[in-house]
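Novice: To start, I am sharing the structure in question, which I have written as structure tokens.
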Amino acid sequence: MKGDHICWFNTRIPILRRHSGPGTATPLELTADHTDDPIIAVQFGHPLADRGFELLMRDILQAAFPPRDKAEWLHRLATPPTPAELAAALAPYQSVFRLDHPDTPCLQARPSPHSLSAATAGKGAKRPAKNADEDEGEEAGSQPIAALLPDLPTGEAVKQDADFFVRRGGVKAIGAGAMLPVLYGHMVLFPPGGGGYFGLPHGADSIKYQMVGDTLWRTLWLNVLYPGMDGYEGPGAGRPAPLDASAFPWLDPELPHLPLGRRDEGAAKALDRPRLHPAHIPMPRRYLLSPPVQGRCDLTGLEGPVYQSYDRWPKGLQYAPRGWRYPNVSRKEIVGKPEEEARFARASGPLRFDDWLETALAPPRERKTEKAGAQRRHLPAVLQQIANVERSTLLPAVDGVDTALGRGSLRVRAFAQFNYGKAVGGMSQRELPLWLLPDAQLDWLCGEVTTVLEKASAMAGALRWMAREAVRLGRREGPAALADNLGDALLADLDAAALNLPGQLAQVVREAGPDCYAQADRLRDDFLALARRRALALFDAGFPIDGLGPIDDKLAAFRTRLVRRLNTILKGEAHA
């Protein structure tokens, strides 16, 4: 196998075709038989690898095959390149995406002999005193390949037998085709931090948004940006990226020579995102795959070269938070404080409608919050792009269908990894159809749904506030936790109804009957009435009044205040 170069473009990956079902293809063959039997998905056997492939390939297309303008973007969405055209576009980048390059392996850092010898001699690898909260799993050196997956418990968790909800030793080998998607998912989508190892400013728990089409090509291309989108601007946008570190950081000539110890001076190199190429593929970790062996991939089941371990070193490339952009996350800013570092929408648990639904609607006009100190959430660039395109141009016109789900399966996907304490708690994924409405109706729909969601959140806030007051009466411990649990329970109860509401409103306005907006008002009012009933039911369950308790009169008074507050919210004062 020494004579064989492993370029990722030529590796086999597991795919699913619309008619013939499961099979394999290389990344260069993604558009083969697109008209008759298109590839509709990849099947790596792990969600991190599936999402990692889709967004890594998006980044590759952004760098090597970018659209020059909106017209070319729309043309390629409707008419994919042939495999030969795709291969020609990616041909100059073959060496960049070699997993086993002798100097610059893809998404890896190969330390120079001098750096390695210094580390081996103890000049650059001395470990600092261990903090009480530092995990053994953050030590440098050789790691099992499964450590790149969130399934594997850390070393300290295994030692303490605290890995009940994760798999121990389930994956021991990852094939070449799955390797880059796993590396990308680990470093870019869900970058862990700590122990001197760098992550990315958007963090592991940020909510990622992705456009999804009815074929794999459309899923990829819908997320490629045309020039002018947030983060994809400047003279480099719309042109193939240069073969240097401005786009591909593993080509940085300084990287192999950085010291390997976390306390070594010069072990970190600061990178400022606005100074990099707009199609830059981030690489915040210094990892190096061990030489592959012939075997079977534990994720895909495919035979071929597999990787069983990798080496890692702390520090490396450190991306500055200020000015950071990643096209699939929602950036937040504080009005009146543009100089502050970017913040990003995050998941604290399994995704709930109030985490992602408003953003996933991709309104044609972003709401402007001008009140100083208020939080403004920006659309991810991939959704901003969809919001700027006339929806009817995304698919051929067909009368009588109001969503892309019915004739193209265009939808918005939100996914996130969330933690329980230090451990990864799981991955959550939700989807919403893309509504094919005229801009005026779509703008109305987004405004209506946003207003309803704000009122539902305000009701949850009112329930929390009154629950805190009620808990203090009984002098129970943990009043904040109980109150928060009630508020969260209300929003969880409303999740299904909230997800149904946009489709119900869209259906009503699409039919454009004489009383369509009156019907829409009734749907909105029914949802809010449901929210009010659920809020009162949760309060009653948490603080029952049976007429026998010494504080029942006071609880009844609190309930009356809650009723008044909920009624005020229903009348339009969402933040009362």
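The values are calculated or read from the model by the stated rules, or taken from the named source; none is laboratory data. What you see is a predicted model; the values in this text were computed from it and never measured. With ideal geometry, Cβ positions are generated from the backbone for all residues, glycine too; neighbour counts draw on all protein chains shown. Heavy atoms of the whole protein, side chains included, go into the accessibility calculation; ligands, DNA and RNA do not. Shrake-Rupley method; radii C 1.70, N 1.55, O 1.52, S 1.80 Å.
Novice: Decide, for the stretch 1-81, between rounded, prolate and oblate: order the square roots of the alpha carbon gyration tensor eigenvalues as a ≥ b ≥ c, take rounded if a/c falls under 1.5, and otherwise choose prolate if a/b is larger than b/c, else oblate.
Specialist: oblate
Novice: Are there any GluC sites (Glu not before Pro) in the stretch 277-360 that are in a DSSP loop and have at most 13 other Cβ atoms within 10 Å? List them by number.
Specialist: On the way: sites: E303, E333, E339, E340, E341, E358; in loops: E339, E340, E341.
The qualifying sites are E339, E340, E341.
Novice: Amide H neighbours of G295 under 5 Å, counting only residues 5+ apart in sequence or on other chains, H built in-plane at 1.01 Å?
Specialist: The answer is G304, V306.
Novice: Now for a different question. Rolling a 1.4 angstrom probe over the protein chains, ignoring ligands and nucleic acids, what is the accessible area of W444 in square angstrom, nearest 10?
Specialist: The accessible area comes out at roughly 60 Å².
Novice: Measure up K208/K269; K422/K571; K332/K422; K70/K269 against 31 Å on the Cα-Cα distance and list the ones that go over. Could you put the intermediate results ahead of the total?
Specialist: Numbers: K208/K269 27 Å; K422/K571 42 Å; K332/K422 24 Å; K70/K269 36 Å.
Pairs exceeding the cut-off: K422/K571; K70/K269.
Novice: In percent, how large is the relative contact order of the chain, given Cα pairs closer than 8 Å and 6 or more residues apart?
Specialist: On the way: 1021 pairs, mean separation 78.8, N = 576.
Computed value for the chain: 14 percent relative contact order.
Novice: Give me the number: length gained by fully extending S112 to D37, i.e. 0.36 nm times residue separation minus the C-alpha to C-alpha distance, one decimal in nm.
Specialist: Values: separation 75, 0.36 × 75 = 27.00 nm, distance 4.73 nm.
Full extension from S112 to D37 adds 22.3 nm.
Novice: Mind checking the dipole of the chain: about its Cα centre, +1 per Lys or Arg Cβ, -1 per Asp or Glu Cβ, Debye to the nearest 20?
Specialist: Values: 70 positive and 69 negative charges, 219 e Å.
Charge dipole of the chain: 1060 debye, to the nearest 20.
Novice: Give me the one-decimal nm value for the distance between modelled label points at D495 and A71, 7 Å along each residue's Cα-to-Cβ direction.
Specialist: 4.6 nm
Novice: For E511 and S95, compute 0.36 nm times the residue count separating them, minus their Cα-Cα distance, and round to one decimal in nm. Could you put the intermediate results ahead of the total?
Specialist: On the way: separation 416, 0.36 × 416 = 149.76 nm, distance 5.45 nm.
Full extension from E511 to S95 adds 144.3 nm.
Novice: Would you mind checking the stretch 531-555 for residues with the amide N under 17 Å from a putative spin-label position 7 Å along Cα→C-beta of L473?
Specialist: The answer is 536-555.
Novice: At a Förster radius of 35 Å, what calculated FRET efficiency corresponds to the Cβ-Cβ distance of S20 and N419, to the nearest 0.05?
Specialist: Numbers: r = 40 Å, r/R0 = 1.14.
For R0 = 35 Å, the calculated efficiency reads 0.30.
Novice: Let me cross-check F344: its accessible surface, 1.4 Å probe, with only protein heavy atoms counted, in Å² to the nearest 10?
Specialist: Taking all protein chains as shown, F344 has close to 10 Å².
Novice: In what sequence, highest mean first, do 316-324, 112-120 appear when ranked by Cβ atoms within 10 angstrom?
Specialist: 316-324, 112-120
Novice: Tell me the per residue accessible area of the stretch 1-101 using a 1.4 Å probe; a whole number in Å² is fine.
Specialist: On the way: 4050 Å² over 101 residues.
For the stretch 1-101, the per-residue accessible area is 40 Å².
Novice: Note down the net charge around S20, summing +1 for each Lys or Arg and -1 for each Asp or Glu among other residues with Cβ under 12 Å from its Cβ.
Specialist: Details: positive: R17, R18; negative: D33, D36, D37.
Residues near S20 contribute -1 overall.
Novice: Sticking with this one: Got a sec? What order do T35, T219 fall in by accessible area at 1.4 Å, biggest, i.e. largest, first?
Specialist: Values: T35 130, T219 5 Å².
Of T35, T219, the descending order of accessible area is T35, T219.
Novice: Could you state how much accessible area H378 has, in square angstrom rounded to the nearest 10, with a 1.4 Å probe and all protein chains kept in place?
Specialist: 30 Å²
Novice: Considering only L453, P433, A506, whose Cα is most displaced toward the positive end of the charge dipole of the stretch 421-538, charges sitting on Cβ of Lys, Arg (+1) and Asp, Glu (-1)?
Specialist: Result: L453, furthest along the dipole toward the positive end.
Novice: Kindly identify the chain as rounded, prolate or oblate by the Cα gyration tensor criterion: order the square roots of the eigenvalues as a ≥ b ≥ c, call it rounded if a/c is under 1.5, otherwise compare a/b with b/c, prolate if a/b is larger, else oblate.
Specialist: Details: a/c = 2.03, a/b = 1.35, b/c = 1.50.
Oblate shape, in that a/c is at least 1.5 and b/c is the bigger or equal ratio.
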